[in-house]
1. Hey, any hits in the range 181-188 for a residue that's in contact with a Ser or Thr (Cβ under 7 Å, 6 or more places away or on another chain), part of a strand (DSSP E or B) and closer than 30 Å to Ile27 by Cβ?
2. When you scan the range 202-213, do you find a residue that is part of a strand (DSSP E or B), in contact (Cβ under 8 Å) with a residue 12 or more places away in the chain and in contact with a helix residue (DSSP H, G or I) (Cβ under 8 Å, 6 or more places away or on another chain), even just one?
3. Go through (1) in a helix (DSSP H, G or I); (2) over 25 Å from the mean Cα position of the chain (by Cα); (3) small (Gly, Ala, Ser) and name the single condition Gly241 misses.
4. Hey, can you tell me all the residues within the range 221-247 that are without any contact (Cβ under 8 Å) to a residue 24 or more places away in the chain and of a type in the set (D, E, K, R)?
5. Restricting to the range 154-171, name every residue that is part of a helix (DSSP H, G or I) and either in contact with a Leu (Cβ under 9 Å, 6 or more places away or on another chain) or of a type in the set (A, V, I, L, M, F, W, C) (or both).
6. Got a number for residues in the range 138-165 being charged (D, E, K, R) and within 16 Å of the chain's Cα centre (by Cα)?
7. Output the residues belonging to the range 154-185 that are farther than 22 Å from Asp22 by Cβ, of a type in the set (Lys, Arg) and either exposed (fewer than 12 other Cβ atoms within 10 Å of the Cβ) or at pLDDT 95 or above (or both).
8. Please verify whether the range 9-17 includes one or more residues that are assigned to a loop (DSSP other than H, G, I, E, B) and crowded, with 20+ Cβ neighbours inside 10 Å.
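The values are calculated or read from the model by the stated rules, or taken from the named source; none is laboratory data. This is a predicted model, so every value here is computed, not measured. Here the Cβ positions follow ideal geometry from the backbone for every residue, glycine too, while neighbour counts run over all protein chains shown.
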Amino acid sequence: MSEWNPQQYLKFEAERTQPALDLASRIDAAPARALDVGCGPGNSTQVVAGFFPSAEITGVDSSAAMVETARKEHPHLKFMRYDVSGPLDGLGGGYDLVFSNACLQWVPDHHALLPRLMGLLCPGGLLAVQVPVNFMEPIHQIIEKTVELPRWREKILYHRSFYTLRPEEYFDLLAGISADFTMWETTYMHRLPSHQAIMDWYSSTGLRPYLEAAVDEEARRGFYDEVFRQVKEAYPLQKNGEIIFRFPRLFFTARQA
């Protein structure tokens, strides 16, 4: 995939940041050192800094564009480019908090990843994670079913792998690698002003790699238009003209022994 677009991502900054606020509010001790994994344009790192202003905080992201934007938007915080899908040696260790908001769904092999992240913590440190679990929502179903249609198979050269585990799998995994853990799920009912807003939201995240994998501009535009047509059918307008955009998310915290 090519670079993320920070400006497109931040069109819905308030909605994307709310889960980070909700996750941070469940952290029961002030960390001295914190790491924000998948910091994006820095909005989640700023959340951690707001809750724990005395903490030494580093935000990391695999996207150069996101890290550049984070540095510009939050010059008082530290950011670096780092891909957590590989070895984590370059991140050091001894963190009191490893925080990750809406990132790990893009990183493979959580059975190996979560123990590595736990390994960055000092004794008693906390891993705090939020991942989307919206696979059954209309927008996801539309994209997945459309790309499998014969007319698009040779025009959209991408098939997404979903790395997020089932809650039961996270439960068993966390039970084996932590001293204690907590899990919960929240479904956000975002108020969006139009069907175009849904497309704008997903064009910066879940729809983005499909559009980038189109064989040409005609295929890209055609696939976008076909998804848009189905989105209009799947999401009814409320009486005031707005749309309810459901977004389920899974949260968990796990404490190092």
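1. Of the range 181-188, the ones in contact with a Ser or Thr (Cβ under 7 Å, 6 or more places away or on another chain) are 181-182.
Now restrict to residues that are part of a strand (DSSP E or B): 181-182.
Filter once more, keeping what is closer than 30 Å to Ile27 by Cβ: 181-182.
Within the range 181-188, one or more residues are in contact with a Ser or Thr (Cβ under 7 Å, 6 or more places away or on another chain), part of a strand (DSSP E or B) and closer than 30 Å to Ile27 by Cβ.
2. Looking only at the range 202-213, we keep the residues that are part of a strand (DSSP E or B), and these are none.
Scanning the range 202-213 turns up no residue that is part of a strand (DSSP E or B), in contact (Cβ under 8 Å) with a residue 12 or more places away in the chain and in contact with a helix residue (DSSP H, G or I) (Cβ under 8 Å, 6 or more places away or on another chain).
3. It is condition (1) that Gly241 fails.
4. Initial filter on the range 221-247 (without any contact (Cβ under 8 Å) to a residue 24 or more places away in the chain): 221, 225, 229, 233, 236-240.
Those that are without any contact (Cβ under 8 Å) to a residue 24 or more places away in the chain and of a type in the set (D, E, K, R): Arg221, Asp225, Arg229, Glu233, Lys239.
5. Pro167, Tyr170, Phe171
6. Applying the first criterion (charged (D, E, K, R)) to the range 138-165 yields 144-145, 148, 151, 153-155, 160.
Filter once more, keeping what is within 16 Å of the chain's Cα centre (by Cα): 160.
Total satisfying the criteria: 1.
7. The answer is Lys155, and nothing else.
8. Taking the range 9-17 as the starting set, the residues that turn out to be assigned to a loop (DSSP other than H, G, I, E, B) are none.
For the range 9-17, residues assigned to a loop (DSSP other than H, G, I, E, B) and crowded, with 20+ Cβ neighbours inside 10 Å: absent.
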